[in-house]
Structures are given as C-alpha cells and as structure tokens.
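Structure first, then comments.
Just so you know, all these numbers are worked out from the coordinates, no wet-lab data involved. Treat the numbers as computed from the prediction; the structure is a model and nothing was measured. Cβ placement follows ideal geometry from the backbone for every residue including glycine, while neighbour counts extend to all protein chains displayed.
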C-alpha cells in the first residue's frame, strides 16, 4: 500500500552557489536596453556557472547593473534533466524576489536542456542559485 506523497524528495544536500557582488575572471560586458535609457548604467555579466547533482544540472550566468541608484541583478539559466524519473529544480533568489524553474524529461536518462529562462531585473546586489532534485517512483 502506498502512503503519502506520490514522489520523494531526493538530494536534501542541495548544491548551492552564492555569488557576491564582485566580478569574477572572464566577465563579459553587455549593453543596457534602450527602454531603460540613461537611468541605468551598462550591465556587467559574469561567466557561465554550472551546478550538477546526480539527476540534473543548472547552467547560469548572473548580470548586475545600477538602475535609478539601486543595484539590480538578473540571471539567465538552463536546467538539465539527465536521469529517468527525476525533475531538477533551480531556485533563484534576488533580494526579496524568488522563482523556481524546472525541466522534466520523462523519456529516459539522456540529457535534455530546458529552453532559456530569464529572471529579468530585480533589486538586489547578488543572486543565489540552488539546485534540488525531485524523483518520481
């Protein structure tokens, strides 16, 4: 008899990487969109980072800018599912804003990356990106 949830949370030792507001080696520079005009300084983007766990991965980069005197951050990311019946979930926290992105490949163990997810700009000097895996029985 099956009691409880239909899926089990796996990977309680969540992989976490917190990036401070400093620029790491290999930083790229991007220009700000015309819609934000002169109120925003050009964004500075860091290189791509990778967090992996058995069953999934998240590849992301973080950008920073100053807009109307406030420090803002933005994250672009891809989530990969590379285990049968697993659902990797990438959680992004920027200041008081947060969101969770997931990608589920029910077909098998071959790695498939999600489409590109973009958080947009949010007030906060850095972003925290974590990865957890949910497994389905």
Note to self: Report the gain in length on full extension from residue 125 to residue 42: 0.36 nm times residue separation, minus Cα-Cα distance, nm rounded to one decimal.
What the structure shows: 28.4 nm
Margin query: How large are Rg and Dmax for region 70-137 when calculated on the C-alpha trace, in angstrom?
Written below: 13.6, 46
Margin query: Test of understanding: what is the full-extension gain from residue 99 to residue 115, defined as 0.36 nm times their sequence separation minus their Cα-Cα distance?
Written below: 4.2 nm
Note to self: Could you work out how much longer the chain between residue 136 and residue 84 gets when fully extended? Use 0.36 nm per residue separation minus the Cα distance between them, nm to one decimal.
What the structure shows: 17.8 nm
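Ranked from highest to lowest mean number of other Cβ atoms within 10 Å per residue, what is the order of the peptides 45-56, 77-88, 95-106? Could the numbers behind the result be given before it?
On the way: 45-56: 17.0, 77-88: 20.8, 95-106: 15.1.
Those peptides, ordered most packed to least, come out 77-88, 45-56, 95-106.
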